[in-house]
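The values are calculated or read from the model by the stated rules, or taken from the named source; none is laboratory data. If you're wondering where the values come from, they're calculated on a predicted model, not measured in any experiment. Note that each Cβ is placed from the backbone with ideal geometry, even for glycine, and that neighbours are counted across all protein chains shown.
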Amino acid sequence: MFSEILVLLVSTVVEIYTMVVLLRLLMQIARADFYNPISQFIVKATDPLLKPLRRFVPGFWGIDFPSLVLAFLVQVGGLFLLMLLKGAISTNPVLYGVMGLFGLINVGLNLIFFAIIIIIIVSWVAPGTYNPAVSLLRQITEPIMAPFRKILPAMGGLDFSPMLAIFVIHVLRTIVLPNLMAMMV
């Protein structure tokens, strides 16, 4: 029972920290407001591990590769720790790399999925109100939503593009990602 609780705790901490690091990456890609209080928290939570990593991993083309590498390392380290706790250690480092990559993609898709859901709910419940968290989520999801808005423009004041985005993310999470992982592992 204690080991199950420990496994749950480790997997939760790994997933949340990976989300925070991916949020920082998305904030930089979307050029989100770094003066937002939520943005300040994300920067302070990721800086201790990112600053040393920036010495070795440079950023390219406006993409913060140190954040991407950190998120990957958190996933691989968490996976190794979880397998160690379960007593199922593998000596194949490629397995950890592949599973870490798929875990990173899955966490990123979950993050975007729930960000879009939150924005939809807030647009129904409290349209036009300001909240720092919602403002940050809008800034982060806007580059992702823009292509879907081109495909499916607003109709009569209703924007159906979030439903299309959610559908595509759901297909990627439930069909494409598991099939790719089964082919590679």
Condition set aromatic (Phe, Trp, Tyr) and exposed (fewer than 15 other Cβ atoms within 10 Å of the Cβ), scope the range 47-91, selection farthest from residue 11 (Cα to Cα): answer is 61
### Task
For the range 123-134, indicate whether the set of residues that are free of Cβ contacts under 8 Å to residues at least 12 places away in the same chain, assigned to a helix (DSSP H, G or I) and either of a type outside the set (S, T, N, Q) or exposed (fewer than 14 other Cβ atoms within 10 Å of the Cβ) (or both) is non-empty.
yes
Evaluate the range 23-34: report whether one residue or more is modelled with pLDDT under 85, farther than 17 Å from residue 106 by Cβ, in a helix (DSSP H, G or I) and of a type in the set (Lys, Arg). no
Residue 8 meets each of (1) in contact (Cβ under 8 Å) with a residue 24 or more places away in the chain; (2) closer than 22 Å to residue 105 by Cα with one exception, condition (1)
Picking from 94, 76, the residue that is part of a helix (DSSP H, G or I) and touching a residue at least 12 places away in the same chain (Cβ under 8 Å) would be 76
Report task. Evaluate the following for residue 3: is it in contact (Cβ under 8 Å) with a residue 40 or more places away in the chain, surrounded by 18 or more Cβ atoms within 10 Å (Cβ to Cβ) and not hydrophobic (A, V, I, L, M, F, W, C)? Result -> no
Only one of 148, 160 is modelled with pLDDT under 85, of a type in the set (Phe, Trp, Tyr) and over 26 Å from residue 38 (Cα atoms), namely 160
